[in-house]
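The values are calculated or read from the model by the stated rules, or taken from the named source; none is laboratory data. Values in this document were obtained by computation on a predicted structure and should not be read as measured data. Cβ placement follows ideal geometry from the backbone for every residue including glycine, while neighbour counts extend to all protein chains displayed. Accessible surface areas use protein heavy atoms only, side chains included; no ligands, DNA or RNA. Shrake-Rupley method; radii C 1.70, N 1.55, O 1.52, S 1.80 Å.
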Amino acid sequence: MNLLSRLFLVSVIAFSAGCATQPTPPATPAQAAGAAQPAPLLLVSIDAFRADYIDRGLTPTLAALAQSGVHADAMQPSFPSLTFPNHYTLVTGLYPDHHGIVNNTMVDPVLGKFTLSNRKAVSDGHWWDGGAPIWEDADAHGLRTATMFWPGAEADIHGRHPDYWMPYNGDVTPDQRVDQVLAWLDLPAGQRPTFLTLYFDAVDHAGHNHGPDSPEVNQALRDTDAALARLVAGLQQRGLFDRMNIIVLADHGMASNPLPNSVLIDKLIPLDEVNTVSLDIVAGFNPKPGYDFAAIEHTLEQPQQHMQCWDKTRIPARLHYGSNPRVPQLVCLADVGWRITTTERLAKHKGHISIGEHGYDNADPRMRALFIAHGPAFQAGLRYPEFPNVDVYPLMTHLLGIPADRNDGDYDQVKGMLKPAVQ
Ligand code: AMP
Ligand code: ZN
Ligand code: ZN
């Protein structure tokens with residue numbers, strides 16, 4: 001490690017301790033009583049790692065984990081197949097409609113507007129309190145938790161943060177993220193986290209900017225795998241690699257989205273007569289006082305080219321979407337490979353338009369996500385059938401030995417991944 005990275009790491013640790021709700025947590029009653037702790041569980045997300053990317057032969061560390069652990073054919077994201085909704089589903093077991101992070105961009109009647117770049121909204125627990133993330137459950141049961149980025153981890157949800165966490169900063173390199181996780185695992189027993197997260201975003205960025213079949217995505221796959229190799233080596237050095245359970249997954253996949261594939265919504269409805277909540281893959285519109293929203297709905301609910309629109313009460317049941325007050329009254333979903341935008345926006349963002357996208361129908365194969373699990377609780381060399389991502393939460397609460405909150409997952413669907421003795 002060079003001096004710069006060393007300095008960074010020291011400051012990261014100092015910074016994260018400063019961000020924790022309590023400075024240095026005292027030993028939990030269970031720890032003080034010397035009670036056995038569950039094996040540490042590390043949840044790694046590689047944003048937009050499509051299930052089939054692993055077949056490109058560019059990720060030897062992932063291939064080795066898959067070969068000696070459990071490798072699912074795919075994991076199905078929840079709808080919409082976007083980053084924030086799915087990351088929060090993974091740690092709550094709730095569909096986005098049920099936990100309330102229904103899109104990356106949304107409007108709440110009381111809280112106002114939520115976007116990923118709005119730091120105030122992202123760190124406001126009121127947006128997130130429709131679900132209880134696993135770090136909250138773990139904390140309540142005396143386990144320490146640490147998040148090296150995870151949507152929701154910056155917010156005080158029901159009065160709780162992870163014990164150690166960092167404000168999201170895309171400039172923190174993959175190696176620095178790995179080193180921070182290793183540093184947390186080096187803490188003394190009473191302070192060491194049992195549940196940890198680690199998040200990588202380079203594959204998502206490359207997918208948006210260059211498309212899923214680009215050399216840039218391939219390079220991001222190699223780079224992320226190299227960071228995972230550093231993680232595995234660090235865990236081996238500490239004698240932890242075979243003693244902890246590691247889940248490596250993605251929030252969704254990625255589809256090619258060529259530039260000409262734009263549905264221009266302003267050509268279909270008068271946009272000044274509605275409140276536009278979101279555009280792109282999942283567009284949302286709310287009524288504007290004084291205008292005939294029923295007429296707008298009537299127009300857009302007719303069969304459309306390259307998109308489909310529903311009043312929120314008529315969204316197909318399989319998408320599990322529409323009951324939450326944050327879901328706009330009218331939802332339009334682009335066909336895979338298409339985007340919903342406006343003539344003005346297209347001109348304004350010329351040259352900066354994503355040619356890879358996700359957010360589409362979660363049943364589409366291009367939205368399928370990676371899932372690999374490795375560790376003492378998991379079977380070795382097991383290929384597992386596709387399953388929905390709501391099942392990850394009950395799997396993780398089982399691994400941590402804590403009760404699961406009400407959720408949409410089904411532990412029975414995933415317990416076959418575990419060795420029979422720990423099912
Ligand atoms: P999207 O592709 O629009 O679903 O958004 C994914 C992007 O969100 C990632 O590539 C990151 O740049 C960004 N991101 C990830 N985690 C966070 C976070 N905790 N806070 C803000 N932005 C984030
Ligand atoms: Zn994502
Ligand atoms: Zn993305």
(request) Report, by residue number, each residue of the stretch 61-81 that is outside any strand (DSSP E or B) and open to solvent by less than 20 Å² (accessible area, probe 1.4 Å). (result) L62, L65, A66, G69, A74, P77, S78, F79, P80, S81
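Please indicate, with yes or no, whether at least one residue in the stretch 194-201 is under 28 Å from L382 (Cβ atoms), buried (at least 16 other Cβ atoms within 10 Å of the Cβ) and within 14 Å of ligand 3 (Cβ to nearest atom).
Quick first cut of the stretch 194-201, residues under 28 Å from L382 (Cβ atoms) only: 194-200.
Next cut, buried (at least 16 other Cβ atoms within 10 Å of the Cβ) only: 194-200.
Okay, now just the ones that are also within 14 Å of ligand 3 (Cβ to nearest atom), so 199-200.
Within the stretch 194-201 (the criterion being under 28 Å from L382 (Cβ atoms), buried (at least 16 other Cβ atoms within 10 Å of the Cβ) and within 14 Å of ligand 3 (Cβ to nearest atom)), the answer is yes, since at least one residue qualifies.
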(request) Residues being over 19 Å from A369 (Cα atoms), open to solvent by less than 40 Å² (accessible area, probe 1.4 Å) and in contact with a Gly (Cβ under 6 Å, 6 or more places away or on another chain): count how many of those fall in the stretch 381-421. (result) 0
(request) Given the conditions (1) in contact with a strand residue (DSSP E or B) (Cβ under 6 Å, 6 or more places away or on another chain); (2) open to solvent by less than 10 Å² (accessible area, probe 1.4 Å); (3) not aliphatic (A, V, I, L, M), report the number of the one that G152 does not fulfil. (result) (1)
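With respect to G125, determine if the residue is in the same structural domain as P403 (by TED's automatic domain parsing) and within 16 Å of ligand 1 (Cβ to nearest atom). Don't jump to the end; show me each part of the working.
Numbers: in the same structural domain as P403 (by TED's automatic domain parsing): yes; within 16 Å of ligand 1 (Cβ to nearest atom): yes.
Judged against the criteria, G125 is a match.
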(request) Please determine, by comparing only the residues of the stretch 278-322 that are open to solvent by less than 50 Å² (accessible area, probe 1.4 Å) and hydroxyl-bearing (S, T, Y), which one is nearest to T115 (Cα to Cα). (result) S278
(message) So, restricting to helices (runs of 4 or more DSSP H) that lie completely within the stretch 84-176, which ones have at least 2 residues that are more than 23 Å from T224 (Cβ to Cβ) and without any contact (Cβ under 8 Å) to a residue 60 or more places away in the chain?
(response) 119-122, 134-140
(request) Please indicate, with yes or no, whether at least one residue in the stretch 369-379 is crowded, with 21+ Cβ neighbours inside 10 Å and either more than 15 Å from V248 (Cα to Cα) or among the charged types (D, E, K, R) (or both). (result) no
(message) Condition (residue is in contact with a strand residue (DSSP E or B) (Cβ under 9 Å, 6 or more places away or on another chain), away from ligand 1 (no atom under 16 Å from the Cβ) and farther than 24 Å from Y321 by Cα) applied to the stretch 347-365: is it met by at least one residue?
(response) no
(message) Checking the structure you have, find out if any residue of the stretch 261-279 is within 16 Å of ligand 1 (Cβ to nearest atom) and in the same structural domain as A72 (by TED's automatic domain parsing).
(response) no
(message) Can you find, within the stretch 232-277, the residue that is farthest from the chain's Cα centre (by Cα) among those that are open to solvent by 10 Å² or more (accessible area, probe 1.4 Å) and either small (G, A, S) or within 16 Å of ligand 3 (Cβ to nearest atom) (or both)?
(response) G239
(request) Exactly one condition in (1) in contact (Cβ under 8 Å) with a residue 12 or more places away in the chain; (2) on the phi < 0 side of the Ramachandran plot; (3) hydrophobic (A, V, I, L, M, F, W, C) is not met by A63; state its number. (result) (1)
(message) The conditions are (1) open to solvent by 10 Å² or more (accessible area, probe 1.4 Å); (2) touching a residue at least 60 places away in the same chain (Cβ under 8 Å); (3) not assigned by TED's automatic domain parsing to the domain that holds H208, and Q329 fails exactly one of them. Which is it?
(response) (2)
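Find the residue count for the stretch 39-55, including only residues that are part of a loop (DSSP other than H, G, I, E, B) and open to solvent by 10 Å² or more (accessible area, probe 1.4 Å).
At the first step, the residues of the stretch 39-55 found to be part of a loop (DSSP other than H, G, I, E, B) are 39-40, 47-49.
With open to solvent by 10 Å² or more (accessible area, probe 1.4 Å) added as a condition, the list becomes 39-40.
The number of residues fulfilling the criteria is 2.
S256 - would you say it is within 25 Å of E386 (Cα to Cα) and hydroxyl-bearing (S, T, Y)? Working first, answer last.
Values: within 25 Å of E386 (Cα to Cα): yes; hydroxyl-bearing (S, T, Y): yes.
Judged against the criteria, S256 is a match.
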(request) Would you confirm whether any residue within the stretch 134-156 is more than 16 Å from ligand 2 (Cβ to nearest atom), over 24 Å from A36 (Cβ atoms) and over 17 Å from the mean Cα position of the chain (by Cα)? (result) yes
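Return the residues of the stretch 122-131 that are more than 16 Å from ligand 2 (Cβ to nearest atom) and either open to solvent by less than 20 Å² (accessible area, probe 1.4 Å) or touching a strand residue (DSSP E or B) at 6+ places or on another chain (Cβ under 7 Å) (or both); say none if nothing qualifies. Spell out the reasoning first.
First pass over the stretch 122-131, keeping only residues more than 16 Å from ligand 2 (Cβ to nearest atom): 123-131.
The answer is G125, W127, W128, D129, G131.
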(message) Tell me yes or no: at least one residue of the stretch 227-237 is more than 16 Å from ligand 1 (Cβ to nearest atom), aliphatic (A, V, I, L, M) and not assigned by TED's automatic domain parsing to the domain that holds Y393.
(response) no
(message) So, H205, is that one within 16 Å of ligand 3 (Cβ to nearest atom), assigned by TED's automatic domain parsing to the domain that holds Q236 and free of Cβ contacts under 8 Å to residues at least 40 places away in the same chain or not?
(response) yes
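Being open to solvent by 10 Å² or more (accessible area, probe 1.4 Å) and closer than 20 Å to R368 by Cα is true for just one of N169, N209. Which residue is that? Before you say what the answer is, go through the steps one by one.
On the way: N169 fails: closer than 20 Å to R368 by Cα.
From the options N169, N209, the qualifying one is N209.
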